[in-house]
Amino acid sequence: MATYDLPEILRTGQNELEIVDFRIYEDKGESTYEWIFGVNVAKVREILVLPKLTKVPNMPKEVEGMVEIRGELIPVVNLVGWMGIKEPENIKKYLIFMEFLRQKVGVIIHKPNRIRRISWQDIKVAPQVLNAKLNGRITGVVDIEDGLLLILDFEGILNDLNLLQIFGGLEDKEKLKGKKTYRIILAEDSSVARKIITDILTSAGHEVIAFEDGKLAWEKLNELFEEASKQGKNIREFVDLVLTDIEMPEMDGLTLTRLIKETPGFLNLPVIVNTTLSDEANKQKAQMVGADGYLVKFDATHLIEMVEKYGGK
């Protein structure tokens, strides 16, 4: 079973990340189109030649089957099926084995191309017409030498396939309600994650001001700080807490956290990093830039507990 080693990832709070550049080929009849995709290295455990799959009943048609890796059975998503395109015949296939959101999943691809280190500032919002072709599941695009590299919203894809798990649930909203309510700035690029997190927080009675990247959240915080200064007040009278994802275009969550914790006037503003990445390395990176708390999406109970813990400090 051939595997590809993945390097150690990124400096902390430098607004950079490393991604796995991989390709999907679409049969267009007289020609073949190459889709260029990317996924954060931190989500990837290994890449291997596609092993034999086991078909299972009662799964979405885009789930090709299950595969055993290191003694664990994981679902395998066929990106070609999810995209609704035709692939060339007899093409060699690979499997990206990912772990995020406390879940493990395999994704079938056609070519693992290379590792790229890029700046989040180089990642731009996808054109609407392009994003519409992929069900709105592009979180950002990067202009590279081969064309446009598309960073996929795998949270959204799992949600499309009913594979996304929410721990704690939203069934009993009364259980989510805390003793106090807080005003929270949320920075989250995934529209699916933004809605889920907002629903959890508002169900608990909190007010949420949501932004799709760290740069927009930082601009809002500075706007609130200016207003607070004019009134001779503390920023905490305008916002109680910042909740941020790590992976976002323009400005990532580690950089946003570092800016907040290094800027006079914001030093006492709590920041919770809320991410798909459950590994210890990213938790340590969040601590290094001064994050007050760290949790993995989507744990409703833990999220509310963290908000209550830090929101009133």
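Every number in this text was worked out from the coordinates using simple rules, so none of it is lab data. Remember, it's a predicted structure, so these values are computed and weren't measured experimentally. Cβ sites come from the backbone with ideal geometry, for glycine too, and all protein chains shown count toward neighbours.
List of remarks:
- Tensor-based shape of segment 100-232 (alpha-carbon gyration tensor, a/c under 1.5 rounded, otherwise prolate or oblate): oblate
- ³J(HN,Hα), Karplus 6.51/-1.76/1.60, whole Hz, each residue of segment 133-145, x for Gly, Pro: 5, 10, 6, x, 9, 9, 8, x, 10, 10, 7, 10, 5
- The orientation-averaged projection of the convex hull spanning the C-alpha atoms of segment 16-160 amounts to 9.2 square nanometres.
- Solvent-free Debye scattering, log10 I(q)/I(0), computed from the Cα coordinates of segment 173-311 at q = 0.11, 0.17 Å⁻¹: -0.35, -0.86
- Estimated at 0.36 nm per residue, the fully extended path between R23 and R183 surpasses their Cα-Cα distance by 53.4 nm.
- Taking the average, over residues, of other Cβ atoms within 10 Å as the packing measure, peptides 204-217, 239-252 rank 239-252, 204-217 from highest down.
- Principal axis box of the chain, alpha-carbon based, largest edge first, Å: 69, 44, 35
- Computed over segment 234-313, Kirkwood Rh from alpha-carbon pairs, angstrom: 12.7 Å
- Taking each of K43/K111; K61/K92; K195/K283; K261/K285; K261/K283 in turn, the alpha-carbon distance tops 19 angstrom for K61/K92; K195/K283.
- Using the Cβ of I157 as centre and a radius below 9 Å, the other residues enclosed give a net charge of -3, where K and R count +1 and D and E count -1.
- Rounded to whole numbers, the Karplus 3J(HN,Hα) couplings from phi for segment 96-109 are 8, 8, 10, 9, 7, 6, 6, 10, 10, 8, x, 10, 7, 10 Hz, using 6.51 cos²θ - 1.76 cosθ + 1.60 with θ = phi - 60°, and x at Gly and Pro.
- Close amide H partners of M248, meaning residues 5 or more places away or on another chain with modelled amide H under 5 Å apart, are G253.
- Over the chain, relative contact order from alpha-carbon pairs under 8 Å, at least 6 apart, %: 17 percent
- Rel. contact order, % - alpha carbon contacts under 8 angstrom, at least six apart, segment 16-160: 27 percent
- Volume per residue of the C-alpha convex hull in segment 28-84, rounded to whole Å³: 131 Å³
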